[in-house]
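Quick notes on the structure that follows.
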Amino acid sequence: MAQIVNEDRNPVLVALDLPTAERASLLARDLAPYVGGFKVGLELLTGPGPRVIGVLARLGKPVFADAKLHDIPNTVRAAARHLGSAGARWVTAHASGGRAMLEAAVEGMAEGAGTRPAGILAITVLTSLDKESLAETGVVATPGRLAAKRARLAADSGCEGVITSVKELTVVSDIAPGLLTVVPGIRPPGVSRHDQVRIASPSEALCRGADYLVIGRGITKAQDPVEASRAILADMAGVRSAHGAG
Ligand code: C5P
């Protein structure tokens, strides 16, 4: 777990997996007082495009562009530069792309963001991959060992943090304690698990040392998303004050 380096102490990043920039920005405007930032995924980045990042950033919260970059270093540097200049606080890149690619992403992001704080979050291992599916791709390792190795690589390449499942939080924090940990697969108590396999509640993930929580449908599909965000804040309140981050 990294020491608190977040501009906003609220650890909830809402995954705005919505089809249009209008819907995303309307919902974000309502949620802004109750959440720590917004995640823009491939749906918004490939539909409305990266301009949505700037629209959301104007609400005053960090915007995390989950672009999952993976290409040759030169191409990744250019993509990270564009996303950084569009206003992203963080951009994701696959650690499996290797050191040169991660370093290029870090450089491109810094060039694009200029003087604003900005960093790369490395995806260690997709949570959809298990030991068998990794072996099919030629990678002989358990997801846990691979996540640890890639977290080390992310830290050595200058990344600011990692995306990791709650299950691998401990191993990742042990091997690269300076990295921010951002954890998806979070379900507030009483919310359906949908298609997520390894889930944790917000307070459970914080107790295990997560710095940020990615929460999508638990908020966006709630009957009252604002009320759902407030309930999550209440669920986390005890843990956050115990950790001195409230
Ligand atoms: O709706 P839900 O809370 O499951 O949303 C999770 C978000 O986190 C989605 O935007 C998804 O793309 C992303 N994500 C994930 N698992 C990962 C990496 C990212 O669910 N391993």
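The values are calculated or read from the model by the stated rules, or taken from the named source; none is laboratory data. None of the values given here were measured: they were computed from a predicted structure. Positions of Cβ are backbone-derived with ideal geometry, glycine not excepted, and every protein chain shown enters the neighbour counts. In case anyone asks, the SASA skips ligands and DNA or RNA and just uses the protein heavy atoms, side chains included. Shrake-Rupley method; radii C 1.70, N 1.55, O 1.52, S 1.80 Å.
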Quick count over the range 164-182, residues being hydroxyl-bearing (Ser, Thr, Tyr) and more than 10 Å from ASP211 (Cβ to Cβ), is 3
Matching residues in the range 132-147 (outside any loop (DSSP other than H, G, I, E, B) and more than 16 Å from the ligand (Cβ to nearest atom)) number 4
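Kindly evaluate SER165 against the criterion of being within 27 Å of GLY119 (Cβ to Cβ) and either surrounded by 16 or more Cβ atoms within 10 Å (Cβ to Cβ) or within 11 Å of the ligand (Cβ to nearest atom) (or both).
Numbers: within 27 Å of GLY119 (Cβ to Cβ): yes; either surrounded by 16 or more Cβ atoms within 10 Å (Cβ to Cβ) or within 11 Å of the ligand (Cβ to nearest atom) (or both): yes.
Spelling it out, SER165 is indeed within 27 Å of GLY119 (Cβ to Cβ) and either surrounded by 16 or more Cβ atoms within 10 Å (Cβ to Cβ) or within 11 Å of the ligand (Cβ to nearest atom) (or both).
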Checked the range 212-228 for anything more than 18 Å from HIS194 (Cβ to Cβ) and within 15 Å of the ligand (Cβ to nearest atom); matches are TYR212
- Query: Do we find that THR92 is among the hydroxyl-bearing types (Ser, Thr, Tyr) and within 11 Å of PHE64 (Cα to Cα) in this structure?
  - Reply: yes
When the range 32-58 is checked residue by residue, the ones that are more than 14 Å from the ligand (Cβ to nearest atom) and under 21 Å from VAL182 (Cα atoms) are ALA32, PRO33, TYR34, GLY36, ILE53, LEU56, ALA57
### Task
Kindly establish whether LEU31 is in contact (Cβ under 8 Å) with a residue 40 or more places away in the chain, assigned to a helix (DSSP H, G or I) and crowded, with 21+ Cβ neighbours inside 10 Å.
yes
Only one of ALA155, ALA141 is among the small types (Gly, Ala, Ser), without any contact (Cβ under 8 Å) to a residue 12 or more places away in the chain and more than 16 Å from ARG208 (Cα to Cα), namely ALA141
The residue that is nearest to PRO62 (Cα to Cα), considering only those in the range 79-123 that are part of a helix (DSSP H, G or I), aliphatic (A, V, I, L, M) and open to solvent by 20 Å² or more (accessible area, probe 1.4 Å), is ALA86
Within the range 46-58, the residues that are more than 20 Å from ARG116 (Cα to Cα), surrounded by fewer than 19 Cβ atoms within 10 Å (Cβ to Cβ) and not polar (S, T, N, Q) are GLY47, GLY49
